[in-house]
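Each reported figure results from applying straightforward, stated rules to the coordinates on display, with no laboratory input. Everything numeric here is computed off the predicted structure, so don't read it as measured data. Neighbour counts are summed over all protein chains in view; Cβ atoms, including those assigned to glycine, are modelled from backbone coordinates with ideal geometry.
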């Protein structure tokens, strides 16, 4: 149910109304529960009819459309805000050989790029969770107490399927050594609750220090009898574990929305 928690009450009402749910005089908690139960029912029925793949693809397309619309609104809004920005720092750009127009474009792409990275990551993580949902409609996000330290108080498991605690990352390019300590604490806390930590990261970092961090994390997972999948192994894990080829589905959606030759 945690996937519905991200909605503001007003947005959740609109979402539920689109699903045909009566939203009159219902709390956010009640709406979340009804949306969750309806989703389970629809997935179960589709699978029973042998239409799981088609229904998953349709759900993935809806998800892509929703993220795409939200991303475009964010980017357009930021571009509008930037028209009123103080651009006096372009003087320094020019000193360094960057013309004013080139500097403006760099700033624009740098600002809007942050939204793209955030939305791309959130979309892929939710898409992967959706595949897992079609494997186990009862699974989903949960919080577990951090019994290994004081901060944070809880750790989030992206998808709990039985005892398999699956953490989903689109990529992790951190080079911060503290990241290792925090992740070690998280993994041990998850294990202490009787779960098997499984890390699934679709895109491996390219910088040397970030790669070293990931190699250390892989060792940490192995040390608690957990599992670590990075790069192509992550795509294969989702495919083999859930029975649905996420990469194939996303490739079809991408080709439909934005063909690589640029012609729609």
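Annotations
- Using only alpha-carbon positions in segment 67-193, the gyration tensor eigenvalues give semi-axes of 40, 20, 11 Å once each is multiplied by 5 and square-rooted (largest first).
- Residue-averaged [θ]222 nm for the chain, counting only DSSP H segments that reach four residues, each worth -39500 (n - 2.57): -20000 deg cm²/dmol
- Packing-based exposure ordering (other Cβ within 10 Å, fewest first) of 40, 59: 40, 59
- Likely footprinting exposure, 184, 195, fewest C-beta neighbours within 10 Å first: 184, 195
- For the peptides 122-132, 245-255, residues were scored by their other Cβ atoms within 10 Å and the scores averaged per peptide; the highest-first order is 122-132, 245-255.
- Sorted ascending by nearby beta carbons within 10 Å, beginning with the fewest, 117, 203 become 117, 203.
- Relative contact order of segment 136-230: 27 percent, from C-alpha pairs under 8 Å at least 6 residues apart in sequence.
- Among 197, 205, 152, residue whose mean-square fluctuation peaks in a GNM of the chain (springs only between Cα atoms under 10 Å): 152
- Distance from the alpha carbon centroid of segment 171-205 to that of segment 210-264 works out to 16 angstrom.
- With eigenvalues of the C-alpha gyration tensor scaled by 5 and rooted, the chain, Å: 33, 27, 20
- D by Stokes-Einstein for segment 136-230, Kirkwood Rh over Cα pairs, 10 °C, 1.306 mPa s: 117 µm²/s.
- Segment 9-108, relative contact order in percent, only Cα pairs under 8 angstrom and at least six apart counted: 13
- Computed on the chain, with alpha-carbon pairs under 8 angstrom and 6+ residues apart, the relative contact order is 14 percent.
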